[in-house]
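Engineer: The structure that follows is given in the form of structure tokens.
Derivation of every value follows stated rules applied to the coordinates shown; laboratory data play no part. Just so you know, these numbers come straight off a predicted model, no measurement behind them. Reconstructed Cβ throughout: ideal geometry from the backbone, glycine too, with neighbour counts over all protein chains shown.
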Amino acid sequence: MAFQILLNIGLALIWMLLRTEYTVVEFMLGYIVGLLLLFVLRRFLHFDFYFRRVVAVFKLLVLFLYKLILSNIDMTKIVLSPNPDIQPGIIAVPTKLKTDWEVTLLANLISLTPGTLTMNFSEDGRTLFVHSIHVPDKEKAIAEIHDSFEKAIMEVTH
């Protein structure tokens with residue numbers, strides 16, 4: 001992936017040299033042309049197109065911001081409620097993620113959203129124990145983590 005990024009930057013610089021205009025706009029235009037060229041050549045050079053991961057990282061960031069806003073709204077409702085009807089609980093979230101880096105990222109994303117906290121890992125490091133301030137249905141909470149954060153992390157890393 002790093003080679004593709006450097007190759008794309010090199011193609012953008014060559015574009016600027018051939019156009020004899022040394023501006024940011026020309027560099028960006030050359031970068032886009034290089035991106036399209038790498039996309040077309042991916043079949044012949046047998047490599048995974050790197051920009052797919054860039055889009056996946058952006059989607060993960062947008063998903064995190066969306067979940068952050070939703071959880072802040074939920075926490076505000078709980079805090080401002082005169083009689084909060086909450087059911088706190090600890091859930092065990094098994095994960096399909098392979099590397100320690102991926103599991104750590106998942107734990108951090110869970111902990112950064114208000115109302116949830118990753119407390120501990122299992123011995124093998126593939127199950128997270130998560131405390132949540134409101135868990136009416138544990139299976140639904142586990143499925144939500146699998147369908148959102150875990151799926152997005154797998155798109156970035158695989």
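Engineer: Give the lysines reachable from LYS151 as a straight Cα distance under 27 Å; neighbours fewer than 8 places away on the same chain don't count.
Structural biologist: Once the sequence-local lysines are set aside, what remains near LYS151 is LYS59, LYS67, LYS96, LYS98, LYS138, LYS140.
Engineer: Excluding the sites themselves, what is the longest stretch of the chain that contains no trypsin sites (Lys or Arg not before Pro) in a DSSP loop with at most 12 other C-beta atoms within 10 Å? Provide the component values of the computation, followed by the final result.
Structural biologist: Working: sites that count: LYS96, LYS98.
Answer from the scan: 1-95.
Engineer: Rounded to a whole number of µm²/s, how large is the Stokes-Einstein D of the range 39-83 at 25 °C and 0.890 mPa s, given Rh as the Kirkwood radius over C-alpha pairs? It would help to have the intermediate numbers written out before the result.
Structural biologist: Working: Rh = 13.5 Å.
D, rounded to a whole number, is 181 µm²/s.
Engineer: When a/c is below 1.5 the answer is rounded, else prolate if a/b is larger than b/c, else oblate, so apply that to the range 1-76 with a ≥ b ≥ c taken from the square roots of the Cα gyration tensor eigenvalues. Don't skip to the end; give the middle numbers.
Structural biologist: Numbers: a/c = 4.49, a/b = 1.97, b/c = 2.28.
Taking the square roots of the gyration eigenvalues as a ≥ b ≥ c, the range 1-76 is oblate.
Engineer: Something else: Using Cα-Cα distances under 8 Å and only pairs 6 or more residues apart, what relative contact order does the range 103-158 have, in percent?
Structural biologist: On the way: 41 pairs, mean separation 14.8, N = 56.
Value for the range 103-158: 26 percent.
Engineer: On each of the three principal axes of the Cα atoms of the chain, give max minus min coordinate, whole Å, ordered largest first.
Structural biologist: For the chain, the Cα spread along each principal axis is 69, 37, 20 Å.
Engineer: Next question, about the same structure. With a ≥ b ≥ c the root eigenvalues of the C-alpha gyration tensor of the range 2-45, is it rounded (a/c under 1.5), prolate (a/b larger than b/c) or oblate? Present the calculation step by step, with values, prior to reporting the outcome.
Structural biologist: Numbers: a/c = 2.52, a/b = 2.10, b/c = 1.20.
It comes out prolate by the Cα gyration axes.
Engineer: Further, regarding this structure: Evaluate the relative contact order of the chain (contact order divided by residue number), counting alpha-carbon pairs under 8 angstrom at least 6 apart; express in whole percent.
Structural biologist: Details: 166 pairs, mean separation 34.6, N = 158.
The value is 22 percent.
Engineer: Out of TYR66, TYR50, TYR22, any idea which swings most in a Gaussian network model of the chain, alpha carbons joined below 10 Å?
Structural biologist: Result for the chain, Cα springs under 10 Å: TYR22 fluctuates most.
Engineer: Apply the membrane-span-like helix rule to the chain: whole DSSP H runs, Cα extent along the own long axis of at least 15 Å, mean Kyte-Doolittle hydropathy at least -1.0. List the helices found.
Structural biologist: Helices passing the filter in the chain: 2-19, 24-45, 51-80, 100-112.
Engineer: Taking 25 Å as R0, compute the FRET efficiency from the Cβ-Cβ separation of ILE69 and THR127 and round it to 0.05. Can you show the working numbers first?
Structural biologist: On the way: r = 28 Å, r/R0 = 1.12.
Given R0 = 25 Å and the Cβ-Cβ separation, E is 0.35.
Engineer: If you average the C-alpha positions of the range 1-34 and of the range 118-139 separately, how far apart do those two centres end up, in angstrom?
Structural biologist: What the calculation gives is 46 Å, centre to centre.
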